[in-house]
């Protein structure tokens with residue numbers, strides 16, 4: 001019997017063509033932003049995902065000048081019109097005879113990462129406290145004369 005495991009990509013991936021239209025929108029992007037793929041495909045990214053001109057400038061620069069960006073913070077719109085801060089890398093897609101034909105935008109929800117970090121810190125704190133209690137109990141039972 002084969003067990004099918006669903007693997008969720010942690011990073012949102014969006015491809016944007018030279019006409020500034022979204023042409024790829026993966027499941028992680030859908031999960032993070034609460035958009036369904038058909039809602040965003042063929043739409044101008046500036047009207048859907050990134051409305052801040054400053055944040056748009058990174059993608060536009062990649063499209064127009066072929067510049068790459070790594071680990072920049074952008075605010076991306078969710079379907080409920082709230083913004084989330086994401087850590088983003090933007091890479092142009094080029095063809096030898098055509099130049100830049102689009103960009104790949106890969107992003108990770110910073111808040112999700114911070115939340116996971118906080119959760120790990122809390123669990124680590126509880127483990128340390130438990131181990132300290134166990135050690136103290138063992139020492140007090142041992143009645144060691146030099147302690």
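For the chain, find the longest principal axis of its Cα atoms and tell me its angle to the long axis of helix 53-65, 0 to 90°, nearest 10. Helix 53-65 sits at roughly 60 degrees to that axis. Segment 63-122 and segment 37-51 have Cα centres separated by 14 Å. Taking every DSSP helix (H) stretch of at least 4 residues in the chain, weighting each as -39,500 (n - 2.57) and dividing the sum by the residue count yields a mean residue ellipticity at 222 nm of -13000 deg cm²/dmol.
Dividing the mean sequence gap of close Cα pairs (under 8 Å, 6+ apart) by how many residues segment 12-110 holds gives a relative contact order of 29 percent. Report note on the peptides 85-93, 18-26, 128-136: ranked by the mean count of other C-beta atoms within 10 Å, highest first, their order is 85-93, 18-26, 128-136. Once the Cβ-Cβ distance of residue 91 and residue 121 is raised to the sixth power relative to R0 = 35 Å, the FRET efficiency obtained is 0.60. For segment 59-101, the relative contact order works out to 40 percent when only alpha carbon pairs closer than 8 Å and six or more residues apart are counted. The simple Förster model, with R0 at 41 Å and r as the Cβ-Cβ distance, assigns residue 34 and residue 130 a FRET efficiency of 0.60.
Geometric descriptor of the chain, per residue, is 233 Å³ (volume of the convex hull of the Cα atoms). To the nearest ten degrees, helix 110-142 and the longest principal axis of the Cα atoms of the chain are 10 degrees apart.
The numbers here are math on the coordinates, done by the rules we state, and not lab data. Because the structure is a prediction, the values reported are computed rather than measured. FYI the Cβ positions are ideal-geometry reconstructions off the backbone, even for glycines, and counts take in every protein chain you see.
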